[in-house]
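Below you'll find the structure, written out as structure tokens, and then a few comments.
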Ligand code: CP
Ligand code: NVA
């Protein structure tokens, strides 16, 4: 059974397959066609944390492909009313695929092997593979002709940063993160990326200006992720030199695009003029969540290869 808990779970050639299916389905969608290639298929959305993009883009995706979805919130009692293993053994018999946003990545690791269907990580504190898939597709759309785009991640070395680091490596993109000393990507993680993806260019620096200097993609995310709400104030102080603003964007090549997975906090990690400005592709990223997840669902459910 194939699961997608992190982007280590997909080979580069499989990413290309997912993107080929995505392109086809997106072109059809743009032409007004919604092909029902997954009739009767059921997607369960098991969520322990809030979501706009992930929840709605997956639910819209499966509906447009002819299937249906079930949203399962806190009342299911995942890991509290019964064990995550028993939840998996039962739920996996009812549905064809599960998207799960758990409080702890470990719950997902414990859950997935007991499910008789594919499990997709819809964000954990460890990884956000669906976000990175949509982002890589968006980068291709905007910088398609470029041989080896370079992504500069500015801010916290978090779930999205980790997924982009491995995703960029698998796509042959170069990745550099600029973060304050205590918030950097774990060197062991970067080493794992280098081990698993020969030729991977993944790097961690401290200085945001150094990171953006030769990057075609400038990417940031919130300074305090879900589950870190009590650290908001202290993080705002620590990260104040990591704001993506017009001055930082001026240090990057003129053709650089700005990306953010959203939700965004204008005035903190990014200024309004940058996120709403001409270099920003944040709404394309959000739109592509649905298109790429259609490609992912079609590929995982085996209707296309
Ligand atoms: N980017 C993202 O995953 O957004 P949500 O938290 O709204 O799903
Ligand atoms: N790093 C953020 C991403 C939200 C989509 C979080 O985990 O809250």
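The values are calculated or read from the model by the stated rules, or taken from the named source; none is laboratory data. Computed from a predicted model, the values in this text were never measured in an experiment. Neighbour counts run over all protein chains shown; Cβ positions are idealised from the backbone, glycine included.
Quick one: count up the residues across the range 262-283 that are within 19 Å of the chain's Cα centre (by Cα), crowded, with 16+ Cβ neighbours inside 10 Å and part of a helix (DSSP H, G or I).
2
Would you check if residue 160 is assigned to a strand (DSSP E or B) and touching a helix residue (DSSP H, G or I) at 6+ places or on another chain (Cβ under 6 Å)?
No.
If I ask for residues that are more than 20 Å from residue 214 (Cα to Cα), away from ligand 2 (no atom under 16 Å from the Cβ) and out of contact with any strand residue (DSSP E or B) (no Cβ under 8 Å at 6 or more places or on another chain), which ones from the range 247-275 would you list?
267, 273
Residue-wise test of (1) within 16 Å of ligand 2 (Cβ to nearest atom); (2) touching a residue at least 40 places away in the same chain (Cβ under 8 Å); (3) touching a helix residue (DSSP H, G or I) at 6+ places or on another chain (Cβ under 8 Å); (4) assigned to a strand (DSSP E or B).
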| position | (1), (2), (3), (4) |
| --- | --- |
| 90 | no, no, no, no |
| 99 | yes, yes, yes, yes |
| 126 | yes, yes, yes, no |
| 135 | yes, yes, yes, no |
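Each row is one residue, and each column tells you yes or no for (1) under 20 Å from residue 302 (Cβ atoms); (2) surrounded by 15 or more Cβ atoms within 10 Å (Cβ to Cβ); (3) modelled with pLDDT under 95.
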{"position": "6", "(1), (2), (3)": "no, yes, no"}
{"position": "21", "(1), (2), (3)": "yes, yes, no"}
{"position": "40", "(1), (2), (3)": "yes, no, no"}
{"position": "46", "(1), (2), (3)": "no, yes, no"}
{"position": "52", "(1), (2), (3)": "no, no, no"}
{"position": "55", "(1), (2), (3)": "no, yes, no"}
{"position": "62", "(1), (2), (3)": "yes, yes, no"}
{"position": "82", "(1), (2), (3)": "no, no, no"}
{"position": "106", "(1), (2), (3)": "no, no, no"}
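In the range 233-246, is there at least one residue being surrounded by fewer than 16 Cβ atoms within 10 Å (Cβ to Cβ) and within 20 Å of residue 281 (Cβ to Cβ)?
Checked against the condition, which is being surrounded by fewer than 16 Cβ atoms within 10 Å (Cβ to Cβ) and within 20 Å of residue 281 (Cβ to Cβ), the range 233-246 yields at least one hit.
Quick one: in the range 217-232, which of the residues that are more than 16 Å from ligand 1 (Cβ to nearest atom) and surrounded by 22 or more Cβ atoms within 10 Å (Cβ to Cβ) is nearest to residue 167 (Cα to Cα)?
Across the range 217-232, the extreme among qualifying residues is 217.
Which fully enclosed strands (runs of 3 or more DSSP E) of the range 172-243 have 3 or more residues being within 16 Å of ligand 2 (Cβ to nearest atom) and over 19 Å from the mean Cα position of the chain (by Cα)?
none
Quick check on my filter: what residues within the range 43-67 are closer than 14 Å to residue 98 by Cα, touching a helix residue (DSSP H, G or I) at 6+ places or on another chain (Cβ under 6 Å), in a helix (DSSP H, G or I) and more than 16 Å from ligand 2 (Cβ to nearest atom)?
Hit for the range 43-67 is 61, nothing else.
Quick test of your reading of the structure: residue 70 fulfils all but one of (1) within 16 Å of ligand 2 (Cβ to nearest atom); (2) closer than 13 Å to residue 100 by Cα. Name the failing condition by number.
Among (1) within 16 Å of ligand 2 (Cβ to nearest atom); (2) closer than 13 Å to residue 100 by Cα, the lone unmet condition for residue 70 is (1).
Only one residue in 169, 161, 211, 152 is under 21 Å from residue 14 (Cβ atoms), buried (at least 17 other Cβ atoms within 10 Å of the Cβ) and modelled with pLDDT of 95 or more. Which one?
Within the list 169, 161, 211, 152, the selection yields 169.
Which is buried (at least 24 other Cβ atoms within 10 Å of the Cβ), over 22 Å from residue 227 (Cα atoms) and at pLDDT 95 or above, of 135, 86?
135
Name the single residue, out of those in the range 101-114 being farther than 30 Å from residue 285 by Cα and in contact with a helix residue (DSSP H, G or I) (Cβ under 6 Å, 6 or more places away or on another chain), that is nearest to ligand 2 (Cβ to nearest atom).
110
Within the range 101-124, how many residues are part of a strand (DSSP E or B) and more than 12 Å from ligand 1 (Cβ to nearest atom)?
3
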